[in-house]
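Since the structure comes first, as structure tokens, the remarks are kept for the end.
The values are calculated or read from the model by the stated rules, or taken from the named source; none is laboratory data. Note that this is a predicted model, so its numbers are computed, not measured. Here the Cβ positions follow ideal geometry from the backbone for every residue, glycine too, while neighbour counts run over all protein chains shown. Ligands, DNA and RNA are excluded from the accessible area calculation, which covers all protein heavy atoms including side chains. Shrake-Rupley method; radii C 1.70, N 1.55, O 1.52, S 1.80 Å.
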Amino acid sequence: MKFARENSQIKEYNDSEDTWTILRMILWSTDYLAGKGVENSRLDSEWLLAYALDTDRLQLYLQYDRPLSPEEREAFKPLLRRRARREPIQYILGRTSFRELELLTDKRVLIPRPETEILVEEVLNWALYRPEGLGKVLDIGTGSGAIAISLAVEGSCNRIIATDVSPDALEVAKENACRHGKSEKLDFRQGRLFDVLEEDDKFDIVVSNPPYVEEENRINLEPEINQWEPSQALFAGEDGLDVIRSLISGSPEFLLPGGLLALEIGMTQDDHVVELIRETESFEPASVRLDLNGRPRVVMAQRI
Ligand code: SAM
Ligand code: GLN
């Protein structure tokens, strides 16, 4: 029923006698998507129409009163329908911006977030005045490869091992590394946490944006996240700390003296995470960095 209704609504613009100019189509789809609960419906309509016409948003404005051909309207329709079902725009367009990179993104990977750009920035800053730069890096739960590839592009490093439990995610990460010419620097491995390492593997940096959402928060998330992004990229037990706990207890063994542990965390987890780090007695006191909304987001600690 739901889809039948959606189809008949979409049909309205096909069957109408009036001319469908670019602007009219944008206005119509803005309302349509807003009615489906899409937050930035104007912007998303513009992105999708630009994508359907194989152009950019600026071009839409330069020709806003140009009528769309039936073929162009047909190309736009399925994209609009996908967004109406709350599929994230980044999956429909197949790409996301992350720092200096454009990354391929589809439903096999979590969409890289602006918060994670701060995690990367902190790691780069930490390494800035070290003669060896980033040195040897381990990125756990690499997803699209956002962190690992950014570090390879923006920093000087010897080698980065990037892991994930999800073979699907690693496929995307490998493709992204290849597109940015960093395949040689990056060693992708499939497995849980530290399982994929040799005992004598030692790193200057262990970085991770692990899953950290509390199980009970599942129902509060927007459909774009809840229904479309991979569950194992998001949820980590009742308090959201299951993966973080194992990361903190496992990392001292694999960090060189003076090496850095850098984690993205949920906005209410800072005290708990700082305490978990202290309890290992293996790190200097941890520091916390806020995100752009002023919420605790990154925890860093140096191996004694
Ligand atoms: N690093 C990417 C980013 O920042 O955009 C993806 C982060 S996503 C929040 C977490 C990733 O960790 C997912 O790709 C998930 O498959 C992976 N993951 C979950 N549990 C894991 C585990 N125990 N060991 C390794 N990877 C894990
Ligand atoms: N920031 C993501 C969200 O709540 C969660 C990512 C994660 O668990 N690392 O939408």
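For the chain, what % of the accessible area comes from carbon and sulfur atoms, probe 1.4 Å?
On the way: 7050 of 14770 Å².
Of the solvent-accessible surface of the chain, carbon and sulfur hold 48 percent.
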Taking just the C-alpha trace of the stretch 208-263, give me its Rg and Dmax in Å. 13.8, 43
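Convex hull volume of the Cα atoms in the chain, per residue, in Å³?
Values: hull volume 43.6 nm³, N = 304.
Once divided by residue count, the hull of the chain is 143 Å³.
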Expressed in angstrom and ordered largest first, the alpha-carbon extents of the stretch 15-55 along the principal axes are 29, 24, 14
Using a 1.4 angstrom probe, figure out how much accessible area the stretch 208-259 has per residue, in square angstrom, rounded to the nearest whole. 47 Å²
Give the ranking of VAL206, VAL196 by solvent-accessible surface, highest area first, calculated with a 1.4 Å probe. VAL196, VAL206
The stretch 225-304: relative contact order in percent, alpha carbon pairs under 8 Å with at least 6 residues between: 31 percent
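Which entries of LYS107/LYS174; LYS182/LYS202; LYS36/LYS77; LYS107/LYS136; LYS36/LYS174 show an alpha-carbon separation above 23 angstrom in the structure shown?
On the way: LYS107/LYS174 15 Å; LYS182/LYS202 21 Å; LYS36/LYS77 15 Å; LYS107/LYS136 30 Å; LYS36/LYS174 35 Å.
Table pairs above 23 Å Cα-Cα are LYS107/LYS136; LYS36/LYS174.
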Of ALA50, ALA177, ALA233, the one that fluctuates the most in a GNM where the chain has Cα springs shorter than 10 Å: ALA50
Would you give the gap between the C-alpha center of the stretch 24-79 and the C-alpha center of the stretch 201-223, rounded to a whole Å? 34 Å
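Largest first, what is the accessible-area ranking of MET25, MET267, MET300 with a 1.4 Å probe?
MET267, MET300, MET25
Can you tell me which of 91-97, 56-62 comes out highest on packing, and rank the rest after it, using the mean Cβ neighbours within 10 Å?
Details: 91-97: 16.6, 56-62: 13.0.
Top of the packing list down: 91-97, 56-62.
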From the Cα gyration tensor of the stretch 66-122, with a ≥ b ≥ c the square roots of its eigenvalues, which class applies: rounded if a/c is under 1.5, or else prolate if a/b is larger than b/c, or else oblate? prolate
Per-residue [θ]222 nm for the chain (sum of -39500 (n - 2.57) over DSSP H runs n ≥ 4, rounded to 500): -12500 deg cm²/dmol
With the contact rule set at Cα under 8 Å and sequence spacing of 6 or more, what percent relative contact order holds for the chain? 13 percent
Multiply the residue gap between ARG218 and LEU128 by 0.36 nm, knock off their C-alpha separation, and tell me the result in nm, one decimal place. 28.6 nm
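Can you work out the accessible area per residue across the stretch 65-202, with the rest of the protein chains kept in place, probe 1.4 Å, in square angstrom?
On the way: 6160 Å² over 138 residues.
Per residue, the stretch 65-202 has 45 Å² of solvent-accessible surface.
Once the Cβ-Cβ distance between MET267 and GLU71 is put in as r, and R0 is 35 Å, what FRET efficiency do you end up with, to the nearest 0.05?
Numbers: r = 46 Å, r/R0 = 1.33.
Once rounded, the FRET efficiency stands at 0.15.
Report the full-extension gain for the segment ARG278 to LYS36: residue separation times 0.36 nm, less the Cα-Cα distance, to one decimal in nm. Before the final figure, lay out the partial values.
On the way: separation 242, 0.36 × 242 = 87.12 nm, distance 4.65 nm.
This chain segment gains 82.5 nm when fully extended.
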Equivalent ellipsoid, the stretch 157-235 (semi-axes from 5 times Cα gyration tensor eigenvalues, Å): 27, 16, 10
Principal axis lengths of the stretch 148-304 from Cα atoms, whole Å, largest first? 41, 38, 30
Using the Cα centre as the reference, give the magnitude of the dipole from point charges on the C-beta atoms of the chain (Lys, Arg: +1; Asp, Glu: -1; all else neutral), rounded to the nearest 20 debye. 760 debye
Sticking to Cα atoms, compute the Rg of the stretch 30-187 to one decimal and its Dmax as the biggest Cα-Cα distance, whole number, in Å. 18.8, 60
